[in-house]
Amino acid sequence: MSENKSYFFCGIGGSGMLPLAMIVAARGASVSGSDRSRDQGRSADKFAWIEGQGIALFAQDGSGVAADQTLVASAAVEDSVPDIAAANRLGLARMTRADLNAALFNGADKAIGVGGTSGKSTVTGMIGWILDRAGKKPTVMNGAVMRNFAKADQPFASALVGDDALYVSEVDESDGSIALYRPDVAVVTNISLDHKSLDELHALFGDFVATARIAVINADDPESAALFNADNNLRFGFGDGAAMRGSDFEPLPDGCRFKVHFLATTHEVRLRMPGRHNAMNALAAIAAARAINISVADAAAALADFTGLARRYEVLGQAGGVTVIDDFAHNPDKVAATLAAVAELPDRALIFFQPHGYGPLRQMGKELAASFAKGMRDGDRLFVCDPVYFGGTVDRSIGSEALVADIVAGGGDAVHLTTRANCGAAMLDEAKAGDRILILGARDDTLTEFGLELLEKLGA
């Protein structure tokens with residue numbers, strides 16, 4: 001559906017926009033775009049690479065928008081943004097990222113949609129790798145760089161362009177766009193508070209799984225229980241209610257291993273990623289692959305070579321005996337899962353957290369504080385800077401100081417330092433050999449750069 005079309009992506013460097021732009025460009029569309037981050041001088045390497053793929057980039061001043069294009073932009077982008085204003089003047093068709101992705105997804109013969117509050121990018125990457133190893137040539141739309149597919153000339157491999165007929169994509173409940181997708185296989189990793197109330201989430205996920213031929217659902221998650229329907233369920237988990245059941249989980253210094261039982265078979269799974277939550281992600285991916293007739297044995301063997309996703313407990317390096325780890329954790333469930341993985345090893349953690357917006361702090365600040373306070377061990381220390389803010393009219397009345405106060409009240413050792421630089425300096429002053437420094441947060445590509453800067457200073 002994208003051949004001979006012309007798309008202009010407003011915010012082309014975004015984690016959801018860039019892979020979609022790569023997919024439609026590979027299918028023959030003309031693609032150009034703009035990004036506020038580029039105009040502000042951030043993530044220069046990424047935008048240089050995008051231009052190197054033959055995609056024209058423009059300042060976000062309306063100059064790149066032309067007649068006969070389709071504008072692709074977030075529904076949240078205001079009409080006052082020059083690109084939007086220019087598109088409105090020209091009467092251009094406008095699609096959200098989800099509109100375009102759903103059109104590609106729904107046009108595939110076999111489409112696997114991965115939803116859930118946590119883990120969907122990792123599960124999407126795992127499914128993509130299993131299918132690729134099985135010779136199925138999937139197209140994969142992800143929100144994070146899949147390290148197995150990244151190469152020197154393809155460093156931002158958040159998309160894998162394969163056949164039109166097999167499409168794997170994470171789908172987003174936070175903006176309600178999950179309702180646009182008609183999956184053959186629907187995966188639900190879990191349901192918990194994030195951007196919407198639990199009642200809204202139950203309704204969205206209920207409709208999502210009802211459309212699918214097979215629904216792969218977390219049997220261990222109480223909030224997913226409302227989705228259980230024996231007619232189309234393939235449930236995964238470590239409990240007795242799972243058909244794709246894990247057992248004998250064992251943390252390892254460089255990952256983990258466990259057993260998976262399905263029907264009368266048992267196989268061992270070895271992951272290069274730590275944490276019981278990643279074992280759950282693997283069970284979800286194995287179940288989804290089984291739903292399209294990939295054997296459990298083949299899926300388990302493929303996952304032994306799965307190297308993970310960028311910013312998903314990604315070890316950036318070690319210097320001065322201190323390990324620096326980059327992670328996307330930003331909501332209560334993700335923070336809990338990351339801290340649980342941290343706790344599997346004895347070393348002290350110095351944790352940096354940059355909230356991903358003022359709105360999310362208002363929506364889930366109390367739950368986020370509880371996750372930090374519960375997950376941090378004696379000796380662990382948390383450093384919190386002010387939330388991400390790239391401009392706009394958002395209410396900034398509740399900030400990081402309220403989050404830190406709640407964490408401290410819950411028994412966690414946390415401090416609010418307004419800037420990222422101040423947090424970094426404080427962590428460097430405190431770090432000693434054997435410590436792990438974790439960089440947590442979302443919606444900001446420069447967090448990885450921040451972690452690499454700390455690593456460099458540790459080695460100086």
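Here segment 360-429 is described by how far its Cα atoms reach on the three principal axes: 39, 27, 14 Å, from widest to narrowest. Between the amide H of PHE58 and those of GLY33, SER34, ASP35, distances stay under 5 Å, these residues lying 5 or more places away or on another chain, with hydrogens modeled in the peptide plane. Dipole magnitude for segment 39-158: about 680 debye, using +1 per Lys or Arg Cβ and -1 per Asp or Glu Cβ, origin at the Cα centre. Applying a DSSP loop filter and a limit of 16 other Cβ atoms within 10 Å to the trypsin sites (Lys or Arg not before Pro) in segment 397-460 leaves LYS432.
Once the dipole of the chain is set up with Lys and Arg at +1 and Asp and Glu at -1 on Cβ about the Cα centre, which of ALA279, ALA319, VAL269 lies farthest towards its positive end? The residue sitting farthest along the positive end of the dipole is VAL269.
Close amide H pairs (under 5 Å, H built 1.01 Å from N) link ASP413 with LEU382, residues at least 5 positions away or on another chain. Pair-distance distribution of segment 248-293: all C-alpha pairs, bin width 5 Å, starting at 0; shares per bin in whole percent are 6, 22, 31, 23, 12, 5, 1. When only the Cβ of Lys, Arg, Asp and Glu is charged (+1, +1, -1, -1), the dipole of the chain relative to its Cα centre reaches about 680 debye. From the Kirkwood radius over Cα pairs of segment 184-241, Stokes-Einstein at 4 °C and 1.567 mPa s returns a whole-number translational diffusion coefficient of 114 µm²/s. Scanning the chain for chymotrypsin sites (Phe, Trp or Tyr not before Pro) in DSSP loops with at most 13 neighbouring Cβ atoms within 10 Å leaves 1-227 as the longest stretch between them.
A 1.4 Å probe run over the protein chains yields, for segment 121-213, 36 Å² of accessible area per residue, whole-number rounding.
The amide H of ARG235, built 1.01 Å from its N in the peptide plane, has ILE217, ALA243, MET244 as neighbours under 5 Å, considering only residues 5 or more places off or on other chains. Put ASP406, ASP444 in order of accessible area, highest first, and with a 1.4 Å probe you get ASP406, ASP444. Within segment 1-92, all pairs of alpha-carbon atoms sorted by distance into 5 Å bins from zero give the percentages 3, 15, 28, 27, 18, 8, 1. DSSP finds beta bridges in the chain, and of those with both partners inside it, around 30 percent are antiparallel. Computed over protein heavy atoms with a 1.4 Å probe, the carbon and sulfur contribution to the accessible area of the chain reaches 49%.
Report, please, the projected area of segment 331-391 averaged over directions, based on the convex hull of its C-alpha atoms, in nm². Value for segment 331-391: 4.2 nm². Taking every pair of alpha-carbon atoms in segment 303-370, give the share separated by more than 15 Å as a whole percent. Across segment 303-370, Cα pairs with separations above 15 Å total 61 percent. Each residue of segment 28-44 was assigned a 3J(HN,Hα) from its phi angle through the Karplus curve 6.51 cos²θ - 1.76 cosθ + 1.60 (θ = phi - 60°); the sequence is x, 7, 8, 10, 9, x, 9, 7, 4, 4, 5, 4, 8, x, 9, 6, 4 Hz, with glycine and proline shown as x. Solvent-accessible surface of segment 43-106, taken per residue with a 1.4 Å probe and all protein chains present: 46 Å².
A helix-only calculation puts the chain at -10500 deg cm²/dmol for mean residue ellipticity at 222 nm, using -39500 (n - 2.57) for each DSSP H run of at least four residues, averaged over all residues. Shape index of the chain: Rg/Rh, with Rg the Cα radius of gyration and Rh the Kirkwood radius from the inverse mean 1/r over Cα pairs, equals 0.95. Whole-Hz Karplus values for segment 320-336 come out as x, x, 9, 9, 10, 10, 10, 8, 7, 3, 8, 10, x, 5, 5, 4, 4 Hz, taken residue by residue from phi with 6.51 cos²θ - 1.76 cosθ + 1.60 and θ = phi - 60°; glycine and proline positions read x. Using C-alpha pairs below 8 Å separated by at least 6 residues, the relative contact order for segment 44-95 is 38 percent.
The values are calculated or read from the model by the stated rules, or taken from the named source; none is laboratory data. No experiment lies behind these values; they were computed from the predicted model shown. Cβ sites come from the backbone with ideal geometry, for glycine too, and all protein chains shown count toward neighbours. Accessible surface is based on the protein model in full, side chains and every heavy atom, while ligands, DNA and RNA are left aside. Shrake-Rupley method; radii C 1.70, N 1.55, O 1.52, S 1.80 Å.
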